[in-house]
Amino acid sequence: MRVIRLLAGLAVAARSSGALAAQGTDAVNALNKVEAARAQAFGGAAVAIGNDPTLVWLNPAASAQVAGGSITVSAQRGYFGDAMGQALVATPVGEGMLTAGVLYFDAGEGEMYSEDLTQLWRTKLQQDVVGAVGFAAPLSPRVTSGAMLKVLHSRLAESMTASSLTGDVGVQTRVQDWLKLGFAASNIGTPLRYAGDAVASPAALRVGAAGGWRLHLSGGSRPDTLIVVGDAEMQGASGLVSWRGGIEYQVRGMVAVRAGFRAGAAREPSTYCGGVGFRVGAWRLDYTVRYNRIVDLPQTLSLTVALPGGHAASPVTPTVQPAMPAPAPANPALPDSETSIYLPVSPDPGMAPVPPEPETIPPEPRGPSQELEQDLNRSLDELMQPPPIPTEPR
């Protein structure tokens, strides 16, 4: 964002933004700056992780199959002193999940010059407000989908405004018990028009995979969880492809330690990411910090709270599962239920296999000898009965 300080005048600022988009450089605004704290810790790689409504900014299918509603608030400090705040509400509707969110992005202040470079003043560089609404639902036990509609209102240098309408679509599918794939197309829509110059929306395509395993290393009735993720993103205007990857280890669903990496493209440096998450009952707190050798340390703090009536999982008092005659599989299904504050609606086959129905023992067939024995016993009982006493007529 500091390059805006070199623009000569407000009118030149708008023309330069349009020229950059025309030359194949993606515009920078709230639409491509927003990420959940958990996704940032993975380097931005979370397109295949589900059952977590905070990840709908990356893939709108991420909120499908969540058992209850939630509220998330988040604050972010960016690379160049920019700031962002967001709020997201998720509530079940029928078989799906409805989400609604609002986002505010402030790029900070910059120095602006007149065209003859004789006058200098400070002004707000860019201020964006985004409103979003989305819906996600399962298509089958292994496939979920979602869509989100977003309205962006942008103000550049406190003098020029523009608005745009964009949308996201996403799909997640479980291809193996331990493996999921995800796909999302983001920010497809109308351009921003500053003073007559069009700036294309920062469209992007993402594909990724996530693998997960439950591990009984720390003891207790609730296992630990290991999740490994990897994504590739292609920017729409420039065609640049960036690679992201991350890992998360959860200890009994209470504490999560995360690390990630985002490989730099042709015109951007690489970024190293790390974060932690804490969960107690219906409360989940996520913190992320990112490191880049040429800029500041951006940090993000996010709080998610389950709404009353949901199925929040408490790590202090884990759900008691009935005793099973056979142990769970060594590599159970990807633990989506361990990646959010909720338990699944139905028991996860990897954690609690359905107990077999009690066996009913059919009556043994009766042979001819058994029937004859029963007839003889019945006759003997009749012989043992005392004969009736005859009564004399009066």
- Task: Say whether the condition of being among the β-branched types (Val, Ile, Thr), more than 30 Å from Glu111 (Cα to Cα), surrounded by fewer than 20 Cβ atoms within 10 Å (Cβ to Cβ) and at pLDDT 95 or above is met by at least one residue in segment 202-225.
- Result: yes
- Task: Residue by residue through segment 227-263, note down the ones that are open to solvent by less than 20 Å² (accessible area, probe 1.4 Å) and part of a loop (DSSP other than H, G, I, E, B).
- Result: Gly253
- Message: Among the residues of segment 62-76, are any under 30 Å from Gln172 (Cα atoms), modelled with pLDDT under 95, among the polar types (S, T, N, Q) and not in a strand (DSSP E or B)?
- Response: yes
- Task: Pairs only if they're at least six apart or on different chains, beta carbon under 9 angstrom, first in segment 81-99 and in contact (Cβ under 8 Å) with a residue 60 or more places away in the chain and of a type in the set (Val, Ile, Thr), second surrounded by fewer than 21 Cβ atoms within 10 Å (Cβ to Cβ) and assigned to a strand (DSSP E or B); list them, first residue then second.
- Result: Thr91/Leu98; Thr91/Ala100
- State whether one or more residues within segment 72-83 are open to solvent by 10 Å² or more (accessible area, probe 1.4 Å), β-branched (Val, Ile, Thr) and within 25 Å of Ser163 (Cα to Cα). yes
- Task: Would you point out which residue out of Gly309, Gly275, Gly281 is touching a Phe, Trp or Tyr at 6+ places or on another chain (Cβ under 6 Å) and either farther than 20 Å from Glu233 by Cα or modelled with pLDDT under 85 (or both)?
- Result: Gly275
- Taking only pairs six or more apart or across chains, which ones have beta-carbon atoms under 7 Å, a first residue in segment 155-171 that is on the phi > 0 side of the Ramachandran plot, and a second residue that is of a type in the set (Val, Ile, Thr) and surrounded by fewer than 17 Cβ atoms within 10 Å (Cβ to Cβ)? Ala157/Thr123; Glu158/Thr123
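The rows are residues; the columns are (1) buried (at least 22 other Cβ atoms within 10 Å of the Cβ); (2) modelled with pLDDT of 95 or more; (3) within 18 Å of Gly81 (Cβ to Cβ); (4) of a type outside the set (S, T, N, Q).
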position: Thr99; (1), (2), (3), (4): yes, yes, no, no
position: Glu109; (1), (2), (3), (4): no, no, yes, yes
position: Arg122; (1), (2), (3), (4): no, no, yes, yes
position: Gly131; (1), (2), (3), (4): no, yes, no, yes
position: Ala136; (1), (2), (3), (4): yes, yes, no, yes
- Regarding Ser186, is this residue among the polar types (S, T, N, Q), more than 16 Å from the chain's Cα centre (by Cα) and either surrounded by 16 or more Cβ atoms within 10 Å (Cβ to Cβ) or at pLDDT 95 or above (or both)? no
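The values are calculated or read from the model by the stated rules, or taken from the named source; none is laboratory data. Values in this document were obtained by computation on a predicted structure and should not be read as measured data. Because the Cβ atoms are built from the backbone with ideal geometry, glycine has one as well, and the counts that use them run over all protein chains shown. Ligands, DNA and RNA are stripped out before the accessible areas are found, and what is left, the full protein with its side chains, is counted by its heavy atoms. Shrake-Rupley method; radii C 1.70, N 1.55, O 1.52, S 1.80 Å.
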